[in-house]
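Here the structure comes first, spelled out in structure tokens, and everything after it is commentary.
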Amino acid sequence: QVQLVESGGGLVQPGGSLRLSCAASGTIFSINAMGWYRQAPGKQRELVAGITNGGSTNYKDSVKGRFTISRDNAKNTVHLQINSLKPEDTAVYYCYAAIRTSSGSYYLTYWGQGTQVTVSS
């Protein structure tokens, strides 16, 4: 059984910052890609940032320069530092991870429960 637990969301004023964290736990053999999606009300879920187990990153164009993704492979965690927040960043943020379990032979994508980020004055 694998579980992803997110933390760090909240209400913040425009221009503010947040740090989201996601910890994977369970019978994990290895983790490949990790990252974050977000879903705003009435919109489709979109990829915000991703990071490989080697540290290569990719970002949605509109967040480049403001969001920074990082991971700690020893702790099976991924973080998203969000700076210069804008009202349009308001969404539920979901972490994901491609995980091979101890009993598995291939990678499956697991999701966190989501954490709300609201940017408002």
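Residue count for the stretch 99-110 satisfying the condition of being out of contact with any Lys or Arg (no Cβ under 9 Å at 6 or more places or on another chain), exposed (fewer than 14 other Cβ atoms within 10 Å of the Cβ) and modelled with pLDDT of 95 or more: 1.
The residue pairs whose first member lies in the stretch 52-79 and is touching a residue at least 60 places away in the same chain (Cβ under 8 Å), whose second member is part of a strand (DSSP E or B) and open to solvent by 70 Å² or more (accessible area, probe 1.4 Å), and whose beta carbons are closer than 7 Å, counting only pairs six or more residues apart or on different chains, are HIS79/ARG19.
How about the stretch 1-26: which of its residues are open to solvent by 50 Å² or more (accessible area, probe 1.4 Å) and more than 21 Å from ALA91 (Cβ to Cβ)?
Start the filter on the stretch 1-26 by keeping residues that are open to solvent by 50 Å² or more (accessible area, probe 1.4 Å), which leaves 1, 3, 5, 7, 11, 13-15, 17, 19, 25-26.
Scanning the stretch 1-26 gives GLN1, GLN3, SER25, GLY26.
The single residue among THR52, THR77 that is polar (S, T, N, Q), farther than 14 Å from LEU4 by Cα and modelled with pLDDT of 95 or more turns out to be THR52.
Are there any strands (runs of 3 or more DSSP E) wholly within the stretch 1-55 with 1 or more residues that are over 16 Å from ASN73 (Cα atoms) and of a type in the set (Gly, Ala, Ser), and if so which? I'd like the intermediate steps shown before the answer.
Details: elements: 2-7, 10-12, 18-26, 28-39, 46-51.
In the stretch 1-55, 2-7, 10-12, 46-51 are the strands (runs of 3 or more DSSP E) which contain 1 or more residues that are over 16 Å from ASN73 (Cα atoms) and of a type in the set (Gly, Ala, Ser).
For the stretch 72-92, filtering for residues that are assigned to a loop (DSSP other than H, G, I, E, B), more than 18 Å from GLN39 (Cα to Cα) and open to solvent by less than 30 Å² (accessible area, probe 1.4 Å) leaves 0.
Quick one: would you say THR118 is closer than 16 Å to GLU6 by Cα and more than 15 Å from the chain's Cα centre (by Cα)? In short, yes.
The values are calculated or read from the model by the stated rules, or taken from the named source; none is laboratory data. Please read these numbers as outputs of a predicted model, since none were measured by experiment. Neighbour counts run over all protein chains shown; Cβ positions are idealised from the backbone, glycine included. Surface areas here come from the heavy atoms of the whole protein model, side chains and all, with no ligands, DNA or RNA. Shrake-Rupley method; radii C 1.70, N 1.55, O 1.52, S 1.80 Å.
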